[in-house]
Amino acid sequence: MSRIGNQPIELKDDVEFSIDADNVVTIKGEKGSDTLQIHEGINIEKKDGELIVNRSSDEKFDRSLHGLYRSLLNNIVTGVSEGYKKELEIRGVGYRASLSNGVLELTLGFSHPIYFVAPDGVDIEVETKGRKNPTIIVTGINKELVGQVSAKIRSLRPPEPYKGKGIRYVDEWVRRKAGKSAAKA
């Protein structure tokens with residue numbers, strides 16, 4: 001029994017849903033459109049402004065896909081209507097970020113600047129005013145792609161535990177360690 005798979009997905013008024021003969025679901029909304037290829041063991045019905053995900057059999061493989069496809073469809077519906085957003089904060093003396101012509105330029109304490117080009121479907125903004133530390137805002141309609149791009153930017157200089165310098169998520173807490181001088185005392 002899939003608790004997630006049995007929950008209906010609520011469609012807002014501005015979201016359009018269609019399914020092809022090849023089990024390709026297309027969902028269009030205010031922010032854009034996205035598609036998903038559905039496995040043949042999963043059936044999708046639209047009733048009263050809601051999507052209901054059912055499985056064709058009780059085999060183990062079909063049961064494993066039931067909750068997965070419900071979650072993927074829910075992520076698409078949320079993405080095309082509201083969108084997804086991740087915020088990254090840069091901490092460190094001399095660490096900077098700037099955006100020019102869609103290319104993110106990062107100065108992170110290396111001997112060279114790092115240039116990052118966002119893939120299609122993802123927008124990057126840099127906010128330097130109002131906060132002490134520069135903030136990189138990653139937005140898009142695909143939850144997986146927004147998370148992947150954010151993780152890639154964070155991996156360029158992850159936060160280190162001694163001084164806390166590096167790129168971190170805005171709500172991330174980094175556990176700090178004591179340095180060598182703590183061992184001498």
### Loop sites in the range 146-185: chymotrypsin sites (Phe, Trp or Tyr not before Pro), DSSP, at most 14 other Cβ within 10 Å
Tyr162, Trp173
### Query
Probe 1.4 Å, all protein chains in place: accessible area of Thr107 in Å², nearest 10?
40
### Summary
Measure of exposure for Glu40: accessible area at 1.4 Å probe, Å² rounded to 10, is 140
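For His39, His66, write out the residues from largest to smallest accessible area, computed with a 1.4 angstrom probe and no ligands counted.
Working: His39 50, His66 5 Å².
Highest to lowest solvent-accessible surface, that is His39, His66.
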### Message
How large is log10 of I(q)/I(0) for the range 109-163 at q = 0.14, 0.24, 0.25, 0.26 Å⁻¹ when the intensity is taken from the Debye formula with one equal scatterer per alpha-carbon?
### Response
-0.46, -1.12, -1.15, -1.18
### Task
Restricting things to alpha carbons, tell me how big the range 80-185 is in terms of Rg and Dmax, in Å.
15.3, 57
#### Entry: Candidate residues Val117, Val126: accessible-area rank, largest first, probe 1.4 Å
Val117, Val126
### Using alpha-carbon coordinates, inclination of helix 143-155 to the longest axis of the chain, degrees
20
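Step through the table entries Lys129/Lys165; Lys60/Lys86; Lys31/Lys152; Lys86/Lys163; Lys46/Lys152; Lys12/Lys143, compare each Cα-Cα distance with 28 Å, and write down the pairs that go over it. Could the numbers behind the result be given before it?
On the way: Lys129/Lys165 20 Å; Lys60/Lys86 35 Å; Lys31/Lys152 24 Å; Lys86/Lys163 23 Å; Lys46/Lys152 37 Å; Lys12/Lys143 18 Å.
Distance filter (> 28 Å) returns Lys60/Lys86; Lys46/Lys152.
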#### Entry: Cα pair distances in the chain, grouped into 10 Å bins until the bin that holds the longest one, percent each
9, 28, 23, 19, 15, 5, 1, 0
### Task
Determine by what factor the alpha-carbon radius of gyration of the range 90-136 differs from 2.2 N^0.38 Å, reporting the quotient.
1.16
### Query
With +1 on each Lys and Arg Cβ and -1 on each Asp and Glu Cβ, how big is the dipole of the range 50-136 about its Cα centre, in debye rounded to the nearest 20?
380
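As a test of the formula, what do you get for the chain when each DSSP H run with n ≥ 4 contributes -39,500 (n - 2.57) and the sum is divided by the residue count, at 222 nm and rounded to the nearest 500 deg cm²/dmol?
-6500 deg cm²/dmol
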### Message
To check my understanding: the extent here is largest minus smallest coordinate of the Cα atoms along each principal axis. What are those three numbers for the range 48-127, in Å, largest first?
### Response
58, 30, 21
### Query
Can you give me the relative contact order of the range 28-185 as a percent, contacts being Cα pairs under 8 Å and 6 or more apart?
20
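Please list Phe17, Phe61, Phe110 from largest to smallest accessible area, probe radius 1.4 Å, with all protein chains kept in place.
Working: Phe17 40, Phe61 120, Phe110 90 Å².
Most to least solvent-accessible, the answer reads Phe61, Phe110, Phe17.
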#### Entry: Under the Karplus curve 6.51 cos²θ - 1.76 cosθ + 1.60, θ = phi - 60°, whole-Hz ³J(HN,Hα) for the range 55-68, x wherever Gly or Pro sits
10, 7, 9, 9, 5, 4, 5, 5, 5, 5, 8, 4, x, 4
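The values are calculated or read from the model by the stated rules, or taken from the named source; none is laboratory data. The shown structure was predicted, so the numbers you read here are calculated from the model rather than taken from an experiment. For neighbour counting, all protein chains shown are included, and Cβ atoms are generated from backbone atoms with ideal geometry for every residue, glycine included. All accessible areas refer to the heavy atoms of the entire protein, side chains included, with ligands and DNA or RNA removed. Shrake-Rupley method; radii C 1.70, N 1.55, O 1.52, S 1.80 Å.
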